[in-house]
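What follows is a single structure, written as structure tokens, with notes after it.
None of the figures in this text is laboratory data; all of them are computed from the coordinates on show. Since the structure is predicted, the reported quantities are computational estimates derived from the model, not experimental observations. Methodologically, a virtual Cβ is constructed for each residue, glycine included, from the backbone with ideal geometry; neighbour enumeration extends over all protein chains shown.
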Amino acid sequence: MARALDPSAILADWLLSNPYGDTTREDYEREVTDLINAFGPAKVWDLTSDDIRTWTKTPDRPRTEAWRISVLRGFYRHARKIEPTIGNPVPRGLRPAVDGLPRGRPALTRAESTYFVAALDAYVRHPDALLPHRARALGYLVLGMGLRAHQAVALNLDGHWIREQHRTTLRATLKGGGLSGPREVPPAVAHAVEDYLLHRRTAAPYSRPDAGPLLTSGRGRRLDSYNSPRDLLRAIASTHPQLAHLTETLTADGLANSPNPFLG
């Protein structure tokens, strides 16, 4: 039965079944299609973990090994939902551990963190900015809560962003699954997000005014986590004279590990 399944059709069904952003969907499709083309459709369901390990280590491939392994594990997990006899050749332990900041992604200095807050606040008035209130909320979440890009993008308005009478708390996704305990959100961060919610784009069934992904695309879908956060944060840095040198190197990881100007 497994051999009769068209891996390209399974790939299409996987991507349509999940609320991925457009860029993420394109990246996932390209990655799995490369795998199908490399081994041939007939062998995709017979690959071993050694096959996957060798293929993801190919030196001229543009994605990181850990990212490629995560993509392929998701693809095979979806295939098993359709045909349980399919084995998943990408066990969880195959993904190498990734700890700390990757090289080339330094944190900002304390002064640069302060400048970045000023750039975030000014960005909502920038004449060429696309959805500037969303970009400002993203920057406040990453810098003020220490969230990595995938954690910020994974936030849902319902369940993760919790409004209480005198405070706002946040529950973020953790590496490997699960949610963090409630974390109190600094007032400045909460204000930036609430201001963005007045401008948030929604489109059923992907999002609603009171539910779904917190950070949405212009079409109301979840913002993709691979390129969009980095590009938005660099665009903001480019508008400040003291941060222009970060336009090509700033990352969400670097910003998340920078001194938090919202804490005493």
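For this structure, a couple of remarks:
- Using a Gaussian network model of the chain in which every pair of alpha carbons under 10 angstrom is joined by a spring, one finds that among GLY144, GLY159, GLY220 the greatest mean-square fluctuation is at GLY159.
- Highest-MSF residue in the chain out of PRO132, PRO241, PRO89 [GNM, Cα springs under 10 Å]: PRO241
- Result for the chain in a Gaussian network model with C-alpha springs under 10 Å: among ASP253, ASP231, ASP128, the largest mean-square fluctuation is at ASP128.
- Acute angle (nearest 10 degrees) that the helix 7-16 long axis makes with the longest principal axis of the chain, alpha-carbon atoms: 30 degrees
- Distance in nm between pseudo-label sites at THR114 and ASP158 (7 Å out along the Cβ direction from Cα): 4.3 nm
- Taking Lys and Arg as +1 and Asp and Glu as -1, the other residues whose beta-carbon sits under 10 Å from that of LEU15 total -2.
- Rounded FRET efficiency, nearest 0.05, which uses the C-beta distance separating THR85 from THR247 and R0 of 41 Å: 0.20
- Its Cα centre serving as origin, the stretch 110-256 has a Cβ charge dipole (Lys and Arg +1, Asp and Glu -1) of approximately 320 debye.
- Largest first and in whole Å, the equivalent-ellipsoid semi-axes of the stretch 110-256 read 23, 17, 15, each the square root of five times a Cα gyration tensor eigenvalue.
- Distances between placed amide hydrogens fall under 5 Å for THR216 paired with ARG201, LEU223, all partners being 5 or more residues away or on another chain.
- Taking the Cα atoms of the chain, the ratio Rg/Rh between the radius of gyration and the Kirkwood radius comes to 1.00.
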